[in-house]
Amino acid sequence: MITQRLTAQDTQAAAAILKRGGLLGIPTETVYGLGASGLDPEAVAHIFAAKGRPQDNPLILHVPSADWLERYCEDIPAAAYALAEKFWPGPLTMILRRKPIVPDAVTAGLDTVGMRCPNHPVTRAIIAAAGVPVAAPSGNTSGRPSPTSAADMLEDMDGKIDGIVDGGPCTVGVESTIIDLTLTPPRLLRPGGVTLEQLQDALGEVAVDQAVTRLMGKDEHPRAPGMKYRHYAPKAPVTVVKGPADRTAAYIRDHLGPKSGVICFDEFAGDFPGHLVETMGPAGDKEEQARRVFDALRYFDSTDAAEIWSQCPDDGGIGLAVSNRLNKAAGFHIVDLNETT
Ligand code: TXA
Ligand code: MG
């Protein structure tokens, strides 16, 4: 199929693709999504096919405002409205109990559904015009880094989707924070643009799912099924080195092989002569690192790097999301210099 290139002005054409059961690339503030009508099981099945996504990995529903929650969810706790008030539209997905109207194809048969109101005016207008919630995973082929521009998404999806709306580069750059509000205390399933500290401020105690910080075994079932898959992985194996930036740079320099590539903070770009280097922003600017981390990982797939070494921010603020994505890309292959003296 030919993938139609749409602009921010083409709201009606984009909504028409959703209404007729087609696949549409949509911009959001986090990453580009691969959208289809969330009430149309056949359209949703096409999402899984286009991505090569495992069937047991549920999709989240995108809505234009919190008013739509009652249409698809029941037993909605007060915390959901409090979080929506504070963080919607924005990079937060809430897991809530679903109503029967939500197809099994979306939830992979779970009795819960992920709900998100993205902070992108174009996409909110398209969803409102289509009049249906939009089921949308990240717009990458399963296993690859998530796309943060229309061009990145076309790399994976050109010819496999009906259209894509170019809404510019993503301003957050990592996928939404996921919080499960059906558990007590609420549990963080995936770190993202809304930070753990912000959630704790709003809710009090918040648990952190084990899948955020460690590799899950084959027989383990994380609460967010998607967290068990190797993710974001470039073709070359990745090693993440944690600790103070000057020490991690020195450690990486000492361990480079002839075909090693490096992902580093801007200040260290000149420290690895003769090697492929991708920077991900200043050491002190975690927001910029979040915007650039997926691009940095993607870059090495067009090179002959045999292995990749990466610096990594600490876990404070959005640093938890950046380090989670790097750790997952590395299959949790981590050297922690904080643990040595
Ligand atoms: O920022 C985002 O969330 C992007 C943009 C497009 O909105 N979407 C996104 O979707 O990252 P996806 O499918 O790539 O990741 C959704 C994650 C998966 O790990 C999935 O397992 C989990 O959410 N998930 C979805 N529904 C769930 C549910 N009912 N319970 C637990 N986890 C769920
Ligand atoms: Mg994804």
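Rule-based calculations on the coordinates, nothing more; no lab input. Given the structure is predicted, the values throughout are model-derived calculations rather than measurements. Methodologically, a virtual Cβ is constructed for each residue, glycine included, from the backbone with ideal geometry; neighbour enumeration extends over all protein chains shown.
Ellipticity at 222 nm from helices only: DSSP H runs of n ≥ 4 in the chain, each -39500 (n - 2.57), divided by the residue count, give -8500 deg cm²/dmol.
Size check on the chain: the Cα extents along the three principal axes, sorted descending, read 57, 48, 36 Å. When a/c is below 1.5 the answer is rounded, else prolate if a/b is larger than b/c, else oblate, so apply that to region 159-217 with a ≥ b ≥ c taken from the square roots of the Cα gyration tensor eigenvalues. It comes out prolate by the Cα gyration axes.
Is the shape of region 37-81 best called rounded, prolate or oblate, per the rule: a/c under 1.5 gives rounded, else a/b larger than b/c gives prolate, else oblate, with a ≥ b ≥ c the square roots of the Cα gyration tensor eigenvalues?
Taking the square roots of the gyration eigenvalues as a ≥ b ≥ c, region 37-81 is prolate.
Of Gly319, Gly33, Gly274, which has the largest mean-square fluctuation in a 10 Å C-alpha GNM of the chain? Maximum among the listed residues: Gly274. Across all Cα atoms of region 121-169, the radius of gyration (one decimal) and Dmax (whole number) stand at 11.5, 32 Å. Under the shape rule built on the C-alpha gyration tensor, where the axes satisfy a ≥ b ≥ c, region 275-341 is oblate, since a/c reaches at least 1.5 while a/b does not exceed b/c. Our summary of shape: the Cα atoms of region 1-67 have principal axis extents of 36, 35, 22 Å, ordered from largest down, in whole angstrom.
If every alpha-carbon in region 253-305 counts as one equal scatterer, what log10 I(q)/I(0) does Debye give at q = 0.16 1/Å? Calculated log10 I(q)/I(0) at the listed q: -0.46.
Name the residue from Ala79, Val44, Thr3 whose Cα lies farthest towards the positive end of the charge dipole of region 1-153, charges +1 on Cβ of Lys and Arg and -1 on Cβ of Asp and Glu. Towards the positive end, the residue furthest out is Thr3. With a threshold of 24 Å on the Cα-Cα distance, the over-threshold entries among Lys235/Lys328; Lys51/Lys242; Lys19/Lys86; Lys160/Lys235; Lys99/Lys228; Lys242/Lys328 are Lys51/Lys242; Lys19/Lys86; Lys99/Lys228.
Computed log10 I(q)/I(0) for region 18-129 at 0.14 Å⁻¹: -0.53, from the Debye equation with unit scatterers placed on every C-alpha and solvent omitted. Between Thr30, Thr11, Thr148, the residue with the greatest mean-square fluctuation in the GNM of the chain (Cα pairs under 10 Å linked by springs) is Thr11. Got a sec? Which residues in region 220-237 would a label at Ser302 touch, if it sits 7 Å along Cα→Cβ and we count backbone N under 15 Å? Only 235 pass the distance filter. In a fully extended conformation the segment linking His333 and Asp75 would gain 88.9 nm over its present Cα-Cα distance, using 0.36 nm per residue.
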